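All remarks here apply to the structure that follows.
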Amino acid sequence: MIYRHLYAGLGVALAAGLVAVAATSASADSTSTGEDVHIFNPNESGLILLYGEPEPGTMQPMNFTSWMKDWKPGSKESSHWADNDYTEIQFTGCKVSPTGGSSVTVRLHQAIPFSQDKSMGDKTFTACFNGGTSKGEWSAHYDGGDNRYFTIPKINGSTSIEGSLDVAKVYVDTSKAD
């Protein structure tokens, strides 16, 4: 039937298709009891209760450790992680090659699906260049997204530098409780 209407023109074919879809939808709404219909019984043996993460009584991993190699200002973004309240980022063992370094700016972002991601502010890290650990904390929250990531907008206060940043240890903590 549709093939015959295709020759008559695109408008007729679309109209015939819409009629076919409406007829299919109408038949799908009818209450038929066939072999594939099953009434859910919560007491049925063999059912497994599925939970979202984390399961009740367990704790979702809140922290992770990583490293960075060959980052230039604005060139990369970190992995994304689920978080929407508190984030702490620590850098240990910072090095800028070949020029040497004294500071790195870390910018935290909240990913907002189908919209512009929100900058949550910058922190300047210096202690990681002198054998210590640099730490930045963010507590802000934006509606519409629950994933976060960071970027490096500046190294040594500059958005353009010949060297690149390596960080031996990057630690991300998503829980203020620990």
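The table that follows gives values for the structure above.
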quantity	calculated
Entirely in the stretch 75-178, the strands (runs of 3 or more DSSP E) that have 1 or more residues that are open to solvent by less than 20 Å² (accessible area, probe 1.4 Å) and basic (Lys, Arg)	147-155
Some residue of the stretch 56-64 being modelled with pLDDT under 85 and on the phi > 0 side of the Ramachandran plot	yes
Hey, Asn147 in contact with a His (Cβ under 8 Å, 6 or more places away or on another chain) and at pLDDT below 95 or not	yes
Evaluation of Lys118 against (1) more than 14 Å from the chain's Cα centre (by Cα); (2) modelled with pLDDT of 85 or more; (3) farther than 22 Å from Thr65 by Cβ (one fails), failing number	(1)
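The values are calculated or read from the model by the stated rules, or taken from the named source; none is laboratory data. Remember, it's a predicted structure, so these values are computed and weren't measured experimentally. Cβ: placed from backbone, ideal geometry, glycine included. Neighbour counts: every protein chain shown. We work out accessible area using only protein heavy atoms, side chains counted, and drop any ligands, DNA or RNA first. Shrake-Rupley method; radii C 1.70, N 1.55, O 1.52, S 1.80 Å.
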